[in-house]
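The values are calculated or read from the model by the stated rules, or taken from the named source; none is laboratory data. As the structure is a computational prediction, the values presented were derived from the model and not from experiment. A quick note on method: Cβ atoms are made from the backbone with ideal geometry, for glycine too, and the neighbour counts reach across all protein chains shown.
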Amino acid sequence: MVLRRMAFIGAVAALAMVPAQDLSAQYYYQRHYGEIPSPGKHLGEIRPNPKWLGKLRGPQGYLTPPVSTVIPPIGGGFVMQAEKPQDGAQAAPEDGNGRLNMARDIPDHILSCWRPPSNTLGDLEVTVRMSFSKIGDLIGEPRVTYVKAGRDEVLRDTLRASILSAVRACTPLRFTPAFGKAIAGRSFAIRFIAPAAKKPASAI
């Protein structure tokens, strides 16, 4: 009886020393992944149990990350989408003095610098995440977070390089003072879409 009490007290003390977030993460993995991380295994290294994949997917179809490795939402940031006109024409938006004054102007301006690779198999999509200073300089390096270009690795690499080249070619951006202060440091996650090129009509 004494030994049981000592074991119970020891277990309670051990639990008290573990951060609540770690316990939540372990519970998450045990319930949804079917495995509790071992001491030498990082939480992020565990692969999901296939039978749970459907239940783990959120409304957008992405896997829900574990509690301990959740990436904070983009606080006050922007998630946007912009499509490249098939004729290639894209006027750079601006105020009367050539400065950008709205969040929507940023992807439209970058589109004017983007030269995506030609493709007839399907639409190309690439998402890039970045942020700007109040005077329009990039803060850090832009980061590509998503690429849709089929299974052609060369095409994927070319698409990724093309959007990064466009971002660098178009920056620094010129903001109005008020707009620059409003968006300084805030994240922009922008999905750029290049529609598939039309196939030439077959000769009759």
Is one or more of the residues making up the range 51-65 exposed (fewer than 15 other Cβ atoms within 10 Å of the Cβ) and either modelled with pLDDT of 90 or more or under 20 Å from residue 182 (Cβ atoms) (or both)?
no
Check on residue 112, touching a residue at least 24 places away in the same chain (Cβ under 8 Å), loosely packed, with under 12 Cβ neighbours inside 10 Å, in the same structural domain as residue 169 (by TED's automatic domain parsing) and over 14 Å from residue 80 (Cβ atoms):
no
Being under 15 Å from residue 78 (Cα atoms), of a type in the set (Gly, Ala, Ser), assigned by TED's automatic domain parsing to the domain that holds residue 82 and surrounded by 12 or more Cβ atoms within 10 Å (Cβ to Cβ) narrows 149, 166, 189 down to just 189
Whether any residue in the range 149-167 is closer than 20 Å to residue 81 by Cα, modelled with pLDDT under 95 and part of a strand (DSSP E or B) is what I want to check.
yes
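In the range 118-152, what count of residues is obtained for those that are of a type outside the set (Phe, Trp, Tyr) and either under 18 Å from the mean Cα position of the chain (by Cα) or within 17 Å of residue 191 (Cβ to Cβ) (or both)? Quick ask: steps written out before the conclusion?
Of the range 118-152, the ones of a type outside the set (Phe, Trp, Tyr) are 118-131, 133-145, 147-152.
With either under 18 Å from the mean Cα position of the chain (by Cα) or within 17 Å of residue 191 (Cβ to Cβ) (or both) added as a condition, the list becomes 119, 122-131, 138-145, 147-150.
Matching residues across the range 118-152 total 23.
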